Amino acid sequence: MTELLEVRDLKIEAPQKDGPAIPIVKGVSFDVKAGEVVALIGESGSGKTTISLGSLGYTKPGLEFSGGSISLHGNDILSMSNNDLRSLRGQKVAYLAQSAAATFNPAITIGEQVTESAVLHGVMTQEEASERATELYHALELPDPELLGNRYPHQVSGGQLQRLMAAMALVGRPDLLVLDEPTTALDVTTQIEVLKAFKKVIQEEGSAAIYVTHDLAVVAQIADHIVVLYSGEVQEQGPVDQIINNPQHPYTKRLMAAAHSGPKPGMGDKLSGDHDKDVANIEVKDMTAGYGEIKNGKPAITVLRDINMSVKNGHVVGVIGESGCGKSTLARVIAGLLPPAQGEVILDGTTLKGSYKQRSKVDLQKVQFVYQMADTALNPKQLIGEILGRPVEMFEGLHGKKKREKVAELLRMVELPIEFENRYPAELSGGQKQRVNLARSLAAKPEIMLCDEVTSALDSIVGSNVVKLLKRLRDLTGVSFMFITHDLSTVAAFADEIVVLYAGRIVEQGPVDQVLSPPFHPYTRLLISSVPEMKIGWLEETMEKREMAVGIARGVEITAVGCPFYNRCPIAIDGTCNTKTPPVHEPVPGHQISCHHSLEEISAIESAPQQILHGFEKAAPDDDSVRA
């Protein structure tokens with residue numbers, strides 16, 4: 001293979017008015033060969049995105065190229081004029097951003113957006129671009145490829161939108177793709193679907209790619225070569241097999257150690273029991289909830305149905321499931337942001353009002369919500385001291401010196417320097433902002449914190465540090481956590497109990513070690529099997545399992561009768577699973593599995609003969625746009 005892109009001694013810095021420039025990228029060199037995927041890995045702030053954007057001849061505002069070269073087909077990108085750069089970005093290099101939802105314009109059809117760049121830059125006519133787009137829809141295994149271009153972005157699922165972003169980048173047949181964390185925010189089953197599609201198209205198109213990610217298990221599936229970065233410098237680089245299986249640099253070894261090999265029983269900590277109480281901290285009883293007008297105890301759109309769960313004092317309950325299963329809706333109901341249509345939420349033995357507007361100040365103080373994206377949760381125009389001072393003033397009535405002392409105590413509690421009180425959110429890293437987000441909730445001295453995907457956007461080392469912090473806070477204060485996530489490894493390491501939610505119903509729940517050990521509910525097994533392993537070839541091996549292929553290809557459908565997992569289950573019973581509510585089995589006290597099969601039959605799923613596997617001879621549905 002020949003070098004398509006050559007990066008030599010690249011330097012990027014941030015000029016300062018009153019002092020020397022701050023170096024951001026410090027002499028980075030690597031090559032990308034035609035038909036090769038090169039992964040840039042490292043924690044937040046290592047320079048991954050800054051370097052990858054450099055291949056488009058672009059730097060973020062406040063940065064500038066200060067040395068080195070970037071050559072595409074022997075042409076120096078850094079010396080190109082603005083007109084040449086525009087042509088380069090439209091014809092030779094394509095960029096895939098992390099958020100597909102933010103990339104697409106909701107008011108324009110998918111087809112117009114996918115073909116726009118190729119037509120605008122004169123690469124092909126509109127007719128040729130539309131024909132090419134349809135070919136890519138087929139290659140990316142998207143539903144209804146002939147008519148898909150007529151839909152709008154909100155009419156497809158998150159995984160489909162992510163693949164459509166790949167089609168948008170590939171339609172002009174670029175030589176180089178820059179993929180910036182394209183699967184980070186996806187749940188495990190959707191991630192496999194997107195990775196499989198990306199890998200297939202990159203191989204078939206013969207494109208080269210720079211893949212920016214902090215997920216080492218993903219790297220093992222898609223990359224040929226890895227460049228390990230730390231603080232703008234290359235620590236180690238080489239073939240994927242060597243970096244994954246035989247790392248040499250201490251930092252690379254640390255990265256590998258921080259990467260989970262998958263959820264396993266026994267990963268979590270044992271609780272001291274110091275904060276145990278006789279009454280559950282939060283209890284949800286017979287709860288049904290959804291959106292729209294409520295009539296006769298039923299919302300216009302039902303999302304959650306017959307939910308029963310509890311969180312003990314000082315414990316962590318992990319709520320897992322794919323996008324659209326109702327995880328965030330459950331947290332919104334407990335917080336009072338969405339009143340339930342039926343059932344009740346009980347705090348320390350007392351039933352809470354459905355809406356936060358009807359709850360007392362003390363009730364609001366006891367239940368705190370920690371949002372997923374600290375970037376949008378923190379006011380960018382307020383200092384950190386002001387952000388943390390507001391709940392201190394509201395709930396504790398502190399002012400002046402006492403308020404500042406409390407703010408300093410909160411910063412120490414989340415292991416941040418006191419000096420941060422005089423900084424704005426934009427001056428903090430992603431992990432630091434998430435700590436401030438947690439500190440703001442802790443300021444209310446809550447009894448339970450509802451954490452909605454608080455580590456999903458963080459790299460493995462920063463995410464691991466945030467989880468360690470949450471464990472310390474639990475042990476120190478006795479606060480309970482409901483931890484919503486699609487990262488099963490984090491749940492296994494942090495939670496005491498797991499609630500598996502599927503299509504708005506609980507299909508399995510119990511202690512972590514029990515839920516992660518056979519017998520599994522078929523959906524729990526699918527989730528565990530979908531967690532990428534740091535093993536080269538794992539993706540291909542996984543997709544060879546026919547039950548995995550069908551389970552992943554089919555989307556979440558919220559149903560009112562039968563088992564919610566019926567349309568994706570490899571051992572579903574026609575006429576029973578789709579018509580009757582499944583009974584609840586209890587293999588051991590506290591571990592509940594909802595399934596029509598006996599525990600022995602559930603355990604035998606892996607060795608089940610093909611003739612009893614449900615639906616494998618049927619084609620997967622053409623449209624999984626029901627995935628919310």
**Prompt:** Using alpha-carbon pairs under 8 Å, 6+ residues apart, how would you state the relative contact order of the chain in percent?
**Reply:** 14
**Item:** GluC sites (Glu not before Pro) restricted to DSSP loop in segment 360-418 with at most 16 other C-beta within 10 Å
**Value:** Glu415
**Asked** Relative contact order (percent) for segment 41-82, with alpha-carbon contacts under 8 angstrom and 6 or more residues of separation?
**Response** 27
**Request:** For Ser480, enumerate residues with amide H under 5 Å from its amide H, sequence gap 5+ or separate chain, H modeled in the peptide plane.
**Result:** Gly314, Ile448, Met449
**Asked** Cross-link partners among aspartates and glutamates for Lys295, C-alpha distance below 18 Å, same-chain residues fewer than 8 apart left out?
**Response** Asp286, Asp306, Glu344
**Prompt:** Quick one: Karplus J couplings for segment 513-524, per residue in order, coefficients 6.51, -1.76, 1.60, θ = phi - 60°, nearest Hz, x for Gly and Pro?
**Reply:** 4, 6, 5, 8, 10, x, x, 9, 5, x, 6, 4
**Request:** For n ≥ 4 DSSP H runs only, could you compute -39500 (n - 2.57) per run for the chain, divide by its residues and tell me the 222 nm figure to the nearest 500?
**Result:** -9500 deg cm²/dmol
**Asked** Which of the chymotrypsin sites (Phe, Trp or Tyr not before Pro) found in segment 470-532 are in a DSSP loop and have at most 13 neighbouring Cβ atoms, other than their own, within 10 Å?
**Response** none
**Request:** Please list, or write none, the lysines whose alpha carbon is within less than 24 Å of the alpha carbon of Lys26, excluding same-chain residues fewer than 8 places away.
**Result:** Lys11, Lys17, Lys48, Lys60, Lys253
**Request:** Kindly write out, for segment 384-398 in residue order, the coupling ³J(HN,Hα) from the Karplus curve 6.51 cos²θ - 1.76 cosθ + 1.60 (θ = phi - 60°), rounded to whole Hz, with x marking Gly and Pro.
**Result:** 4, x, 6, 4, 7, x, 5, x, 4, 5, 5, 8, 10, x, 8
**Message:** What does the charge count around Ala39 come to, taking other residues whose C-beta lies under 12 Å from its C-beta (Lys +1, Arg +1, Asp -1, Glu -1)?
**Reply:** -4
**Request:** Taking H placed 1.01 Å from N in the peptide plane, check which residues at least 5 places from Leu96 or on another chain put their amide H under 5 Å from its amide H.
**Result:** Val178, Leu179, Asp180
**Phi-based couplings in Hz for segment 310-321 (Karplus 6.51, -1.76, 1.60; Gly and Pro marked x)** = 8, 10, 6, 5, x, 10, 10, 10, x, 10, 10, x
**Complete:** Those trypsin sites (Lys or Arg not before Pro) from segment 301-408 that are DSSP loop and have at most 13 other Cβ neighbours within 10 Å turn out to be Lys381
**Message:** Can you list residues from other chains, or at least 5 along the same chain, whose modelled amide H is less than 5 Å from the amide H of Tyr230?
**Reply:** Gln235
**Asked** Can you pull the Kirkwood radius for segment 134-217, inverse mean 1/r over Cα pairs, to one decimal in Å?
**Response** 13.2
**Request:** Of all alpha-carbon pairs in the chain, indicate the percentage at a distance above 45 angstrom.
**Result:** 21
**Request:** On a C-alpha basis, how far is the centre of segment 85-154 from the centre of segment 433-494 in Å? Whole number, if you could?
**Result:** 38
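Read-outs: derived from the displayed coordinates by stated rules, not from any lab. Because the structure is predicted, anything quoted here is derived from the model rather than measured. We place every Cβ from the backbone using ideal geometry, glycine too, and count neighbours over all the protein chains shown.
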